[in-house]
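The values are calculated or read from the model by the stated rules, or taken from the named source; none is laboratory data. Note that the coordinates shown come from a computational prediction; the quantities given were computed from them, not determined experimentally. Heads up, the Cβs are rebuilt from the backbone with ideal geometry, glycines too, and the neighbour counts pull from every protein chain shown. Surface accessibility is based on the protein's heavy atoms, side chains included, excluding ligands, DNA and RNA. Shrake-Rupley method; radii C 1.70, N 1.55, O 1.52, S 1.80 Å.
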Protein chains: 2
Amino acid sequence: KRRNSLNHDDLLSGIIKGDLQALSSGITLLESNRKSDQEEAQKLVNSCLKHSGKSIRVGVTGVPGVGKSTFIEAFGKLVVAKGYKIAVLAVDPSSEKSGGSILGDKTRMNDLSVLENAFIRPSAAGKSLGGVARKTRESIILCEAAGFDFILIETVGVGQSETMVKSMVDFFMLLMLAGAGDELQGIKRGIMEMADALIVTKADGDNLIKARRAKKEYENAIHLFPANENGWIPKTLVASALEQYNIEKTFDTIESFVNHTRINGSFGRNRKQQDKYWLHETITDTLMSNFYSSERLVNEIAVVEKEVIEGRISSFEGAEKLMKIYNHE
Amino acid sequence: KRRNSLNHDDLLSGIIKGDLQALSSGITLLESNRKSDQEEAQKLVNSCLKHSGKSIRVGVTGVPGVGKSTFIEAFGKLVVAKGYKIAVLAVDPSSEKSGGSILGDKTRMNDLSVLENAFIRPSAAGKSLGGVARKTRESIILCEAAGFDFILIETVGVGQSETMVKSMVDFFMLLMLAGAGDELQGIKRGIMEMADALIVTKADGDNLIKARRAKKEYENAIHLFPANENGWIPKTLVASALEQYNIEKTFDTIESFVNHTRINGSFGRNRKQQDKYWLHETITDTLMSNFYSSERLVNEIAVVEKEVIEGRISSFEGAEKLMKIYNHE
């Protein structure tokens with residue numbers, strides 16, 4: 001079914017006026033796998049590019065159960081109350097299978113989604129993480145052209161999606177639970193090291209003392225991390241979406257991060273690095289997917305893998321063999 | 001200059017007999033960048049393949065100053081005294097520039113290198129980490145065909161070389177210094193998490209108490225790491241090459257690791273995964289290097305990078321543009 005029937009100029013002018021229906025259709029277009037839609041989507045993204053770049057892009061991650069949606073909703077409402085526009089995009093590479101989180105997100109963020117200056121878009125689906133990355137990056141461009149001041153990219157704390165989100169945002173925050181026992185258990189160091197802010201959630205009622213203790217432990221851990229290039233020392237916070245506690249402080253933290261990195265120039269440098277990174281990342285993705293989807297190699301890859309595993313040829317000779325078939329040599 | 005003048009059959013039979021001169025010539029051949037040498041080297045590696053696979057491959061890393069060479073020398077002498085043959089290969093991607101470490105290694109391991117059953121080969125040089133990886137992996141095959149029981153791959157604790165070494169060895173050990181103050185400072189978590197054994201070196205004299213304290217701290221830290229697939233809990237040790245303290249225990253640790261992983265099947269599984277990994281890693285490397293060395297793109301890449309960074313085209317359109325030029329479209 002064709003959900004988008006608007007032409008390029010109508011979509012573009014709608015998006016630039018901040019029309020949420022047009023924005024939504026635009027994102028649907030770039031999520032489409034139809035060849036003709038993809039060409040249209042590229043045209044649209046290119047037209048939106050010169051209107052983009054002005055938002056603060058914020059990544060949010062945390063394990064399921066940490067209260068991401070509740071936190072984002074509380075944060076989003078605050079941002080809107082301050083007179084800004086906020087878009088929330090979800091990245092959930094696992095959802096393409098279950099499709100479960102899509103309805104979930106919409107339901108959970110009900111209070112935020114009814115606000116005029118908020119836009120919530122469920123998970124971009126895709127066959128590969130590369131595909132999801134592309135769609136998310138392009139959705140950011142469309143949202144920026146539509147005048148959003150803050151763009152939150154939400155991801156579940158699994159696998160490689162954090163690295164992907166980190167490489168497309170200005171500010172990355174990690175939500176954490178105050179657990180029983182040792183606070184550092186079970187959290188991947190790499191993800192902690194990526195964070196510009198660590199926020200211990202559900203800091204209310206009986207949980208407050210535990211949350212403060214956890215914050216203290218994280219704070220000590222952060223001192224051991226290698227320093228960030230941008231000179232920013234990651235902040236730790238406790239917060240409660242339920243009691244609106246430290247939601248404003250989260251906002252202030254982002255603001256002072258942006259000031260800090262704009263003054264020392266790392267804000268712009270980081271974005272340029274990200275653009276360059278995605279250029280080369282896309283090249284790698286394309287080269288790989290062309291190779292692995294090559295019809296000439298359909299049966300050959302498994303055969304060579306077997307030969308290599310059984311020690312009949314070396315990994316390097318195996319690669320050369322496949323490369324020759326691929327290149328018709 | 002051509003350092004190798006032996007033909008394939010002479011080289012092969014020499015290597016299989018365990019002749020160190022033939023082994024050395026074989027490795028020189030596969031380090032050569034001459035096209036004809038490379039073809040000869042491939043033939044040699046393939047002939048050696050069926051005689052390979054029987055050694056224990058051990059990775060050793062640690063920051064400069066940790067006493068790697070001294071430790072390896074003490075360990076190597078012990079291994080030889082037990083009646084085994086040991087080869088030490090160094091991976092040092094930085095040495096291709098300075099060339100400094102080559103002489104250094106030879107000099108420092110003088111006691112070991114004079115032993116009949118020891119073979120020490122300085123750093124494989126190469127234009128890329130991929131090239132160094134290939135040469136090292138192939139050197140392992142040649143050393144195994146020459147009957148070595150232990151193959152140590154030594155690397156300096158910088159950059160990505162640890163990940164590379166980890167993916168070509170059975171057992172990975174990290175040497176550490178007992179520092180002043182906090183023991184966890186400055187060590188990359190990722191590298192600690194890769195280690196099957198953490199060894200605090202220079203545990204002698206005044207340093208012994210400090211080393212034991214450091215070992216304790218590392219031990220506590222290890223409990224927080226995610227469990228290994230192979231069910232092995234990384235061991236921590238203090239050791240002194242000077243006083244021959246715990247060198248034997250290091251050997252026993254490796255032995256019990258091998259027993260443990262052979263019994264549960266992960267030893268063989270890991271090797272098969274590594275072979276498969278290197279097959280696909282080589283494919284990626286080749287695709288990328290063909291692309292980036294393409295004459296058609298010599299000037300184009302910088303032009304497109306600039307367009308992307310200046311926001312004139314998206315990263316994705318930029319990639320497409322380069323891809324079209326590359327594919328003559």
- When segment B:273-329 is checked residue by residue, the ones that are of a type in the set (Ser, Thr, Tyr) and within 7 Å of chain A (Cβ to nearest Cβ) are B:Thr282, B:Thr284, B:Thr286, B:Ser314, B:Ser315
- Message: I'm told A:Val298 meets every condition in (1) in the same structural domain as A:Gly190 (by TED's automatic domain parsing); (2) without any contact (Cβ under 8 Å) to a residue 24 or more places away in the chain; (3) of a type outside the set (Lys, Arg) except one. Can you identify the failing condition by its number?
- Response: (1)
- Note on the structure: Within segment B:104-149, residues open to solvent by 10 Å² or more (accessible area, probe 1.4 Å), modelled with pLDDT of 85 or more and in a loop (DSSP other than H, G, I, E, B) come out as B:Val114, B:Leu115, B:Glu116, B:Asn117, B:Gly147, B:Asp149
- Item | Residues being surrounded by fewer than 18 Cβ atoms within 10 Å (Cβ to Cβ) and more than 14 Å from every other protein chain (Cβ to nearest Cβ) - total across segment A:190-206 | 3
- Enumerate the helices (runs of 4 or more DSSP H) found wholly within segment B:212-329, keeping only those where 3 or more residues are open to solvent by 20 Å² or more (accessible area, probe 1.4 Å) and closer than 30 Å to B:Val79 by Cβ. B:247-263, B:266-292
- Can you name every residue in segment A:33-56 that is more than 13 Å from chain B (Cβ to nearest Cβ) and in contact (Cβ under 8 Å) with a residue 12 or more places away in the chain? A:Asp37, A:Glu40, A:Ser55, A:Ile56
- Which of the helices (runs of 4 or more DSSP H) contained wholly in segment A:1-96 include at least 1 residues that are open to solvent by 50 Å² or more (accessible area, probe 1.4 Å) and in contact with a strand residue (DSSP E or B) (Cβ under 6 Å, 6 or more places away or on another chain)? A:20-31
- Item | From A:Gly26, A:Gly67, A:Gly59, residue being in contact (Cβ under 8 Å) with a residue 24 or more places away in the chain, outside the structural domain of A:Leu115 (by TED's automatic domain parsing) and under 17 Å from A:Ile120 (Cβ atoms) | A:Gly26
